Structures are given as structure tokens and as C-alpha cells.
Amino acid sequence: MSFSRRTLLKASAASAVLGGIGAPLVARAQTAEFTYKYANNAPDSHPMNVRAKEMSAAIKAETNGRFDLQIFPNNQLGSDTDMLSQIRSGGLEFFTLSGLILATLVPAASINGIGFAFPDYDTVWKAMDGDLGAYVRGEIGKAGLVPMDKIWDNGFRQTTSSTKPITSPDDYKGFKIRVPISPLWTSMFKAFDASPASINFSEVYSALQTKIVEGQENPLALISTAKLYEVQKYCSLTNHMWDGFWFLANRRAWEKIPEDVRAIVAKNINAAAVNERGDTAKLNANLRGELESKGLVFNQPDVAPFREKLRSAGFYAEWKGKYGDQAWALLEKSVGKLS
């Protein structure tokens, strides 16, 4: 299965049209016993929605039409913040959300975004499919939401720059970098003695173009679809943060589903998550070549000095205090000693 920047852009445009008329991707089944909505912020050809459509069809078939899962991609039902409110109130039954954003409600949910914690995907899945993921799911459950067992992939974040490649922690010193409006990002880049600026993503391109900031950081898919290569020269594969999407259910809606149907729904959601992980990894691998053809110059720095800089700056100790000893021990069980 191949995904490219072009298909993602086409999907974004198509989804915008769909959003205008409020039409879901999956047609309503008039005879369904349960008709539930699943919303997300990705274009409809993103691996998340490709797999979600397969998942929805499989659930419908395996439940003999009793369960109809309608998909609303591309922020059709509002921003992440809007949809988080909707799923908590019951206006929405299912929703996928970044753990880093979910942290506004469940602080532990952002622990997977700790800087330079995860060296590779094998380590990510060992943690998130293991004890660390189970701990975070438990914390999410306390907030009245039901997280599915498997977290979906949003990818590793990379650093781009218009001025220089990032090859060592020293290259971050004084570096004017756009970050999302989040304490975790600001804290990390300040630990590198960088100059982080919190800017909404809608303003990132112009901020880079006008040199308000020198660089930014995002997964390759977003660097491609937002055409940031037009205003950036270098891409350093820092893999400084990994983020995923928790597949969340409204607890009251989930508990209304009979156990036999619920088992089918959960099985297919979790299977789709695993498939989406493979798709996303392939997408990012393909995008590197495409972005290189657009003129972006790649480099792969050694992450060990970055970890050591964060350790000596007190970053890990600070966030260990915020997350607590139990969560931090589970993180270090998978990634090794950080603080």
C-alpha cells in the first residue's frame, strides 16, 4: 500500500469538500442496531483513515450489520479540543487523539513524547504495547474514557532548518525554532539553550518564510503536506519525540454495546492500529526520497549527546517529578536510564 504527499494533499481537498456537506465516509445503514461516530484529524487517504474504512467494513460484516461505524476525517466535527469535549459529553462515540494533546486532561498521556527517549520503533512498541501503555490506559480510564489496547502511529518528529543542519546539541543553542503550544516542547528546547517560539501550525509556513523562526519540527508526512521544504533547507532526522494516537471511546456509549459485539469492535480497531503502524513507517520512508528530490538535505545525528545534554540540564529530572516515580520507572524499563 503506497501513500504519497500528492495523495495526502488530494485527500485533504476532498475531505474539505466532504466537511462542507457534513457527509461521513461510511454510508449510514438504516438497519444497524448501533450507529456510532468515529472522528479524527487526518485526511481521508492517510493510513489512519484507509485502515479505519477497512475496519468499519469488517465490523459491519462480522456483526451482521448490527454495528455501523461512521468515519468523520479531517476535523469535520471540529478541532481536537472540540472533539475531546464531544467525546467526553457523549456527542461523539469514538475519537483518536495525540497523547501530547490528551495530556491536558490526562497528564500521563504525554510521557511518550519525552525528548530523545525512544531510539526506534521497536522500543516504542515494546513500551506502548507493554507496561507503560497499560499504565497510561489506566490513567485515561480514570478520566471517563475507554482507550483501546493498541495506540496508532503518528510518527517520529524531525528538525528542519533554513540555516544549518542539526548535528549536535550545540547546534540548537540560540536556534529560533517553532514549537507547538505545549510545556513539554518549550521545556525541552530551552534545555538545549534554543529559542523556542510557540506558534500555531497555521502560521508556521509564513513564520519560516519571513525568518521569524529558523526552523521547526514535525513528522515527515506533515513536513511534506505543508510544503515546508519550500522554506527550509535541512532536515535532521533527530527522532526527538515519538507521538501516537489513542483510540478513545465514550464510556457510556461503549458500555451500551453487548459484549459479543464489543469484542468484535475492539478486535478490529486494534488490528487496524497495527496495520496503520506499518503503513505510516512506509509512508515516512518513501517521503524521505521525495523530499530529497525537492531539495531538502538530510542528515542523521547521533542521539546520545542530545540525551546527555537533557540529562545535565535537568530536563529528565523535572519531568520525572511531573509524571511521578511509577510512570517514569515504566518508561525507563523500556528505554533505559534517562534521569
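Brief remarks follow.
- Residue match in region 251-270 (condition: over 24 Å from residue 62 (Cα atoms) and touching a strand residue (DSSP E or B) at 6+ places or on another chain (Cβ under 6 Å)): no
- Per-region count, region 272-308, residues hydrophobic (A, V, I, L, M, F, W, C) and either within 19 Å of residue 93 (Cβ to Cβ) or at pLDDT below 95 (or both): 8
Here's the yes/no breakdown for (1) acidic (Asp, Glu); (2) closer than 30 Å to residue 148 by Cβ:
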site	(1), (2)
188	no, yes
204	no, no
208	no, no
213	no, no
216	no, no
250	no, yes
255	yes, yes
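- Boolean, residue 140 is modelled with pLDDT of 95 or more and hydrophobic (A, V, I, L, M, F, W, C): yes
- Test: residue in region 139-155 that is among the aliphatic types (A, V, I, L, M), at negative phi and without any contact (Cβ under 8 Å) to a residue 60 or more places away in the chain: yes
- Of all residues in region 174-202, those that are under 18 Å from residue 239 (Cα atoms), surrounded by fewer than 22 Cβ atoms within 10 Å (Cβ to Cβ) and basic (Lys, Arg) total 1.
- Members of region 212-249 that are surrounded by fewer than 22 Cβ atoms within 10 Å (Cβ to Cβ) and closer than 30 Å to residue 90 by Cβ: 243
- Every test in (1) under 20 Å from the mean Cα position of the chain (by Cα); (2) under 24 Å from residue 182 (Cα atoms); (3) free of Cβ contacts under 8 Å to residues at least 12 places away in the same chain is passed by residue 285 save one, and that test is (2).
- Of the numbered criteria (1) assigned to a helix (DSSP H, G or I); (2) of a type in the set (Ser, Thr, Tyr); (3) out of contact with any strand residue (DSSP E or B) (no Cβ under 8 Å at 6 or more places or on another chain), the one residue 45 fails is (1).
- Pairing residues of region 289-312 that are in the same structural domain as residue 221 (by TED's automatic domain parsing) with residues that are of a type in the set (Ser, Thr, Tyr) and assigned to a loop (DSSP other than H, G, I, E, B), at Cβ distances under 6 Å and at least 6 apart in sequence or on separate chains, gives 301/167; 305/168.
- Some residue of region 51-70 being at pLDDT 95 or above, of a type in the set (Val, Ile, Thr) and out of contact with any Leu (no Cβ under 9 Å at 6 or more places or on another chain): yes
- Any hit, region 90-111, residues being over 24 Å from residue 187 (Cβ atoms), surrounded by fewer than 18 Cβ atoms within 10 Å (Cβ to Cβ) and in contact (Cβ under 8 Å) with a residue 12 or more places away in the chain: yes
- Complete set of residues in region 112-134 that are part of a helix (DSSP H, G or I) and in contact (Cβ under 8 Å) with a residue 12 or more places away in the chain: 112, 113, 121, 123, 124, 125, 126, 127, 128, 131, 132, 133
- Of the residues examined, residue 67 is not one that is within 30 Å of residue 114 (Cα to Cα), touching a residue at least 60 places away in the same chain (Cβ under 8 Å) and among the hydrophobic types (A, V, I, L, M, F, W, C).
- Close pairs from region 317-339: first basic (Lys, Arg), partner surrounded by 13 or more Cβ atoms within 10 Å (Cβ to Cβ) and assigned to a helix (DSSP H, G or I), Cβ under 8 Å, at least 6 apart: 320/328; 322/107; 333/127; 333/131; 333/132
- Restricted to strands (runs of 3 or more DSSP E) entirely inside region 135-248, those with at least 2 residues that are within 26 Å of residue 333 (Cα to Cα) are 145-147, 152-161.
The values are calculated or read from the model by the stated rules, or taken from the named source; none is laboratory data. If you're wondering where the values come from, they're calculated on a predicted model, not measured in any experiment. Reconstructed Cβ throughout: ideal geometry from the backbone, glycine too, with neighbour counts over all protein chains shown.
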